[in-house]
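Heads up, the thing below is written out as structure tokens.
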Amino acid sequence: MSVKIIVTDLDRTLLRSDKTISEYTTSIFQRCRDKGIKIIFATARPIRSVKMLNLSLFFDASIYHNGAVINNGDINILRFGISPEATKEILLSVLRVDNSAKLCVEINDRIFGNFDPSDIWPGVEITITDFLDLPNSPADKIILPMATIAELSSVANVLPNNLYIELSENSVGMIMHKNATKGNAINYLSKHFGLSLSDVAAFGDDYNDLDMIRYCGIGISVANAIDEVKAVADYICDTNDNDGVAKWLEENVL
């Protein structure tokens, strides 16, 4: 099977439930790189969160915030943010409708919010704010705790055309620039490397992986993925806790 780029989601796909990567998986990824295959991770996580995982040694490029931030190595090459004006308007508009609404926003690799989200992301560092004194920089994403598609739709209906909202981990809605998707970021990086989407094998498990699973040359779902991802995948590999990504690569690529 001809694969020139491997793209993998992190949480519940490559990472085990304890947020580690096995020595076996590490060795498989190194063997792929030794064959000249480009390795990219694509995550909803911010940069600071990924740095704690020490993944840089075996990835060539990285996609953060679902595609809002694209790095080649450690160098940022593209960013799709929400303007400071639009960010403030969205946050304050939500609060005008419901002054008890819980909100967070990611700006300059820092998270600002009006509540403590540690029950969603244990150990997260947050700057508590009323959103009137935010940095004058584009936001990578706006985050609202929510658990249903119905809640998601109610927000989507009032967003401007250049933004969208997506459910993640059945716990938060993420508002982002319409170009901030994993599929769009992978398309950009594949061209950057002189390749195409047909050269890409992509692994994922959640709603924000659907576009890359659909449109990359080969889309692979882990067995623990949501049904919607399994339905559009070309293959289903073993679970994240059983080294599913590495097993599939060893069998089909190496």
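Miscellaneous remarks
- Cα centre as origin, Lys/Arg/Asp/Glu Cβ charges: segment 40-158 dipole, Debye: 160 debye
- Per residue accessible area in Å² of segment 122-254, where ligands, DNA and RNA are left out and the probe is 1.4 Å: 44 Å²
- Sequence-distant lysines (8 or more away, or on other chains) whose Cα lies within less than 17 Å of LYS19: LYS51
- Relative counts (whole %) of C-alpha pair distances in segment 61-206, using bins that are 10 Å wide: 11, 39, 35, 13, 2
- Within-10-Å neighbourhood charge of PRO160 [Cβ basis; K, R +1; D, E -1]: 0
- Antiparallel content of DSSP bridges confined to segment 143-252, in %, to 5: 55 percent
- When Rg and the Kirkwood Rh are both derived from Cα coordinates, the Rg/Rh ratio for the chain amounts to 0.97.
- 3J(HN,Hα) couplings calculated from phi for segment 43-55 with the Karplus curve 6.51 cos²θ - 1.76 cosθ + 1.60 (θ = phi - 60°) are, in sequence order, 9, 7, 5, x, 4, 4, 5, 6, 4, 5, 8, 6, 9 Hz; Gly and Pro show x.
- Rel. contact order, % - alpha carbon contacts under 8 angstrom, at least six apart, segment 153-254: 17 percent
- Annotation: the antiparallel percentage among DSSP beta bridges lying fully within the chain is about 55.
- For segment 21-131, alpha-carbon Rg relative to the globular expectation (2.2 N^0.38 Å, N residues): 1.33
- Taking all Cα pairs closer than 8 Å and separated by 6 or more residues, the relative contact order of segment 36-137 comes to 18 percent.
- Net charge of neighbours whose Cβ lies under 11 Å from the Cβ of ALA225, counting Lys and Arg as +1 and Asp and Glu as -1: -4
- Mean accessible surface per residue for segment 18-68, computed with a 1.4 Å probe while every protein chain stays in place, in Å²: 44 Å²
- Taking θ as phi - 60° and the Karplus parameters 6.51, -1.76 and 1.60, the scalar couplings of segment 73-89 work out to x, 9, 9, 6, 10, 6, 8, 10, x, 9, 4, x, 5, 5, 4, 4, 5 Hz in sequence order, x denoting glycine and proline.
- Whole-percent carbon and sulfur share, accessible surface of the chain, 1.4 Å: 49 percent
- The sum of -39500 (n - 2.57) across all DSSP H runs of n ≥ 4, divided by the residue count of the chain, sets its helix-only mean residue ellipticity at 222 nm to -8000 deg cm²/dmol.
- From the alpha carbon centroid of segment 189-254 to that of segment 25-65 is 14 Å.
- Relative contact order %, the chain, counting alpha carbon pairs below 8 Å whose residues are six or more apart: 21 percent
The values are calculated or read from the model by the stated rules, or taken from the named source; none is laboratory data. Note that this is a predicted model, so its numbers are computed, not measured. Ideal geometry is used to build each Cβ from the backbone, glycine not excepted, and the neighbour counts take in all protein chains shown. Note: areas computed on protein heavy atoms with side chains; ligands, DNA, RNA excluded. Shrake-Rupley method; radii C 1.70, N 1.55, O 1.52, S 1.80 Å.
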